[in-house]
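The values are calculated or read from the model by the stated rules, or taken from the named source; none is laboratory data. Worth saying up front: this structure is predicted, and the values here are computed from it rather than measured. Cβ atoms come from the backbone with ideal geometry, glycine included; neighbour counts cover every protein chain shown. Just so you know, the surface numbers come from the protein's heavy atoms only, side chains and all, with ligands and any DNA or RNA stripped out. Shrake-Rupley method; radii C 1.70, N 1.55, O 1.52, S 1.80 Å.
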Amino acid sequence: MTRQDLVGGGTDEALLGGAEAERTGTRGPGEGIGYFARFGVTETLIRETLAAALSRGGDYSDLFFQHRVSTSMSLEDGAVNRAFTTVELGVGVRVIKGDQTGYAYTEELSLEAMRSAARTAAAIADGPSRASPQHFHVFKDLPRRYVLQAGWDAVRPEQKLPILEGLNTAAFQADTRVAKVSLSFSDEHGAVLVADSTGRIVEDLQPMTSLYLSCVAEQNGKREQNAYGVAGRAGLDFYSRDRLDRIVREAVARTTILFDSVQPPAGEMPVVLAAGSSGILLHEAIGHGMEADFNRKGTSIYADKLNKPIAHPFVNIVDDGTNEYARGAINVDDEGNVPGKTMLVENGVLTTFLHDSISARHYKVKPTGNGRRESYRHAPLPRMRSTYMLPGPHTPDEIIASVKKGIYCSNFTNGQVNIGAGDFTFYVKNGYLIEDGKLTRPIKDVNIIGNGPKVLEKVDMVANDLVIDEGGWTCGKDGQGVPVSQGIPTVRVASITVGGRNA
C-alpha cells in the first residue's frame, strides 16, 4: 500500500479494522505483525527487504515501520482558527558495517520500493551477501505503559471542542486583566514496528496528546504573556477536571504575576531551582553530555569521567522509560530494545552512559533502550526519555532558609547549550528573590549562565519533593525531535552567574 493510497482514500477505512483492538488493548505490543498487516506488511516482505539490505555484506540491518496520524486544533478569540490532520506512513532501512551506517527510507510499502531503499542503504558495504533470517521471533512480553480506554482515532472533534471552549471561558473568568486566550490541542495515534536481521520483530502502539493555554493580560497599558500546558501518552480521559483547572490556574497566575515582577541584581549568587520544570537544566546542560555517542567521539566533558565522582554523594540521576503515560515513556525503543530505568549518577558517581546498539557495542555493554528517532526518515541515536534527579535528604523549606541572598527559579521558557562542553544560558520566565531565607519579590526576564557539569558539582542541597513535569517537552538533536519528560526536586546550586540590569 502506498502513502498516496492511504491519504487519497479520505477516511481511514484501512485503519478501522484495528481500531477496536487498539482501543481495548487486545492488539497490543507483542503480537507480531498485527497493526501493520493492514498495510500489507508480511514476514515475507520483511525477509526479502532484509535480504536486499544484507546483499553487500552488511553486519546488521533493521527495518523501522511507522504509521502516525496527528491531529491539531487551535482556538483563538473564542473560535477555532486552525484544525488539520497529517498522516505519516513509511519504513526506514538501516545497514551497519563496522562503524559505518547506511540509511534510506521509502513511503511506499511495496516490495519493489523497499528493496530499492534497502539496496541504497547497503551501498556502504562491499562484500559477499549475508543471509536474511528464515524465521522471526516475535516479542510477546513487552510492557504496557500506555494502554488507552479509547484510542484517539475514536475521538471526534465534537468531543475536543467543548474542552477548548471551557478553558477559554475559564481563563477570562479567572482574572479581569486577561485580554486574549489561545489554546492548542493535539493528539496522535499509530504504531511502530522494528524487524532486524537477528530475526526479531516488535510492534508498539504509541499514543500522544498535549494541550496548551497561552494568555495575554493587560494592566495600566502594560501587556504580559505566559503559558502553561500538559502532555502525555494518554487518551481523552487524561483531561480530568483537576488537570484542566490546573492549566487555567497556572497559565493565568504565571502571566499576571509578571506585572509585579522585577529583575534581580546581576552577579554570582546561590540559585534555587524549583521542583518540576527546572529539570530542563538537568536535561540540556548535563543529560546530553551523558549520551554515549558524544562520549564515543570524545566531544563530551564526561568522556573520561565514567566511574568517577562528579557530584555530591546525595545526588542521584536516572533516565527512565518506565513512567506510565508520561510523554517520555516507551515500551520499546526505536531499535527494538526494551527500556528500563538507567541509573546515570549513583551516589554522586557517573555509572553509565545512555546507549543505542552502536555505542553499546563500542563500550561492550548492553543497550540501555535509548536508541530513538524522530520518524522513519531518520536513523536512531542515543536519546534521553524521562530524565530526573531522585529526591535528596533536605526539605524545600530548609533549602530556601539557607540562602541569604539569591534567586528562586520557578519556570524556564528557553535556552541555549553547547552540548559537548555543557556551557549554557537559560531564560527564567518566573521566579522570586530570596532574601534572608525567605521568598520575597517575584522576578522575571532573567538569564542564568554557566556550565552544566560545574553546576552539578555545585548542587549542595537536594530536597525530598521530586516532581516529574507534565509539559510537552521535545528534545532536539542532530535535526531530530523526540518527546521527552524531565523533572527535579528543589535543589540549591551554590553559585551561578545571574544576568540582569542592576549590578
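In table form, for the structure just shown:
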quantity: Kirkwood Rh, angstrom, segment 254-309 [1 / mean 1/r, Cα pairs]; calculated: 14.6 Å
quantity: Dipole of segment 292-374, positive end: most advanced residue of Pro313, Thr352, His362 [Cβ charges, Cα centre]; calculated: His362
quantity: Cβ-based net charge around Ala303, under 12 Å, with every Lys or Arg adding one and every Asp or Glu removing one; calculated: +1
quantity: Per-pair calculated FRET efficiency, R0 = 30 Å: Asp237 and Asp175 via Cβ, rounded to 0.05; calculated: 0.55
quantity: Residue-normalised accessible area of the chain, given per residue in Å² at a 1.4 Å probe; calculated: 40 Å²
quantity: Scattering profile of segment 198-332 at q = 0.18 Å⁻¹ [log10 I(q)/I(0), Debye over alpha-carbon scatterers]; calculated: -1.21
quantity: Packing-based order for 404-412, 473-481, 142-150, using average beta carbon neighbours within 10 Å, highest first; calculated: 404-412, 142-150, 473-481
quantity: Long pairs among Lys364/Lys477; Lys97/Lys140; Lys297/Lys405; Lys160/Lys180; Lys140/Lys341; Lys341/Lys444, criterion Cα-Cα beyond 31 Å; calculated: Lys297/Lys405; Lys341/Lys444
quantity: Dipole in debye (nearest 20) - segment 72-177, about Cα centre, beta carbon charges: Lys, Arg +1; Asp, Glu -1; calculated: 500 debye
quantity: Cβ crowding within 10 Å averaged over residues, with 217-226, 199-208 ranked highest first; calculated: 199-208, 217-226
